[in-house]
Structures are given as structure tokens and as C-alpha cells.
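Here's the structure, in C-alpha cells; my notes come after.
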Amino acid sequence: MGSKQVNSATRTTSSTPTKPPQNNASPKSTFRTAVYARLDNPLNNLFRLGIRIVQFVFSLGSGISYAIELAHGHTSPPFIYSQVVFALTMITLVIDALTLRSYRLTFIVESTICVLWLALFGVFYDIYFSGKASGMDYDGMDLERVKRAVWLNLINFLLWLASAVFSAVMCCSGIKGAIKGRLQRRRAKKLRNGKASDSWVETGVLHEEPRASREGRLPMYEEIVAATRAG
């Protein structure tokens with residue numbers, strides 16, 4: 001008698017569920033990415049470079065004007081204060097040129113420099129434009145040069161004000177990008193956790209029965225019936 005072999009598959013359950021792969025790499029902040037995305041705009045780069053050059057030129061003009069008066073023996077406190085502001089401005093410009101663009105706290109430093117230039121303008125404007133430039137400390141100086149330096153102080157204040165506003169905008173863009181990136185990472189983490197919980201549930205996996213076991217097993221009911229009808 002001929003017999004028909006029927007392929008059958010047995011459903012077995014996996015006893016040890018597989019854990020999803022874990023990503024141990026810490027997520028990177030998107031603050032710098034958001035800032036660089038704005039700086040990719042040529043106009044922003046041009047503004048940043050241009051304002052630094054103009055700040056350097058006008059700070060140099062004001063600082064040298066007051067340094068000349070100090071060299072001539074005018075050592076009153078306003079002239080000394082002018083050199084302190086000039087030195088801090090030069091240090092800030094050099095550090096900004098040599099370091100990477102961060103903008104996390106740049107606007108705070110630039111706002112401080114802005115206030116210092118405003119105070120310097122107010123002091124010398126009150127001295128030379130309100131009739132107080134008298135006495136031993138102010139005799140023999142070049143009034144025209146010092147008055148021009150007063151207006152240079154005002155220009156420096158406006159330049160650093162614009163730079164501080166620009167840095168504040170960059171910082172806000174970075175913070176916004178960082179918050180957006182953090183929310184995206186949270187949503188992705190929740191999605192991974194949901195998939196992980198589903199994988200821990202026992203799921204059926206089909207395994208094909210080996211051929212040797214099929215040949216050595218007893219005939220099934222369907223095979224017996226088929227063989228009887230054939231005989």
C-alpha cells in the first residue's frame with residue numbers, strides 16, 4: 001500500500017523572550033545644532049564677522065584717544081576707567097575669535113561690555129558737554145580729540161548692544177532646539193519601551209518538524225483513512 005506523507009507544523013512557544021537592544025549612547029544636545037543651523041545663513045555669518053571688525057576698529061579709536069591723554073599726564077579716574085573698558089573689550093574680542101561659537105552665555109558678557117561703554121559715554125559726556133572740564137586734571141588736553149572719543153563711546157555702546165541682541169537670539173534658538181530635541185527623544189524612548197513590552201509577551205513561533213521525526217512517528221488518522229480507501 002502506498003502512503004501519503006503530510007507535512008505538518010507544530011506550534012511551540014518561546015520560553016525565553018529576547019530583550020530589545022539597548023542604546024547606551026547618551027543623546028547629544030541639539031543646542032549647538034540649532035545655533036549652527038541659523039549660522040548657516042550667509043547674512044548671519046556676515047553680520048557676525050562684520051560687527052566684530054567694526055567693534056574692534058571703534059574700540060581701538062576710543063582707547064587710543066584716552067591713552068594719549070594718559071601719556072600726557074592726565075591720570076584722572078575717568079581716563080583710567082576708559083582703559084579698563086578698552087582692555088576688557090579687546091580681551092572679549094580675542095577670546096571670541098579664538099574659541100568656538102557657543103552662544104550659551106555670550107550675550108551676558110556682551111551685555112556687560114555694552115553697559116560699560118554706556119557708563120563711559122555718560123561720564124565723559126557729562127564732563128565735556130556740560131561745562132565740567134575744568135581744573136588741573138583737564139588742563140592742556142586736546143578737547144576736540146576727547147570729544148570725538150565721547151561719540152566713539154556711544155557708537156561702541158550701540159555696536160555691543162546690537163551684538164548682545166544677536167547673541168540673545170542665537171541663545172534662544174539653541175534653547176528652543178534643545179527643548180524640541182529632548183521632546184523628540186522622549187517620544188522615541190516611549191515608542192521603544194512600548195515595542196519592548198510587546199516583545200516580552202509570549203508569542204507563537206512556527207518551527208518545521210524535522211524530517212527524521214516525521215518518518216519515525218506513527219501514522220496519523222488521515223493517513224490511515226487514505227491508505228484504507230486506496231486498498
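Checked against (1) under 30 Å from residue 61 (Cα atoms); (2) modelled with pLDDT of 75 or more, residue 188 passes all but condition (1).
On inspection, residue 183 passes the criterion of being surrounded by fewer than 18 Cβ atoms within 10 Å (Cβ to Cβ), without any contact (Cβ under 8 Å) to a residue 24 or more places away in the chain and over 13 Å from the mean Cα position of the chain (by Cα).
Note on region 40-80: among residues that are outside any helix (DSSP H, G or I) and within 39 Å of the chain's Cα centre (by Cα), the one that is modelled with the lowest pLDDT is 40.
In region 68-83, which residues are surrounded by 14 or more Cβ atoms within 10 Å (Cβ to Cβ) and closer than 21 Å to residue 118 by Cβ? Steps first, please.
Taking region 68-83 first, the residues surrounded by 14 or more Cβ atoms within 10 Å (Cβ to Cβ) are 68-70, 74, 76, 78-79, 81-82.
If the condition is that a residue be surrounded by 14 or more Cβ atoms within 10 Å (Cβ to Cβ) and closer than 21 Å to residue 118 by Cβ, then 69, 76, 78, 79, 81, 82 are the ones that fit.
Residue 86 satisfies every condition listed in (1) surrounded by 14 or more Cβ atoms within 10 Å (Cβ to Cβ); (2) without any contact (Cβ under 8 Å) to a residue 60 or more places away in the chain; (3) within 29 Å of the chain's Cα centre (by Cα) except (3).
The values are calculated or read from the model by the stated rules, or taken from the named source; none is laboratory data. Because the structure is predicted, anything quoted here is derived from the model rather than measured. Every residue, glycine as well, gets a Cβ built from its backbone with ideal geometry; the counts of neighbours run over all protein chains shown.
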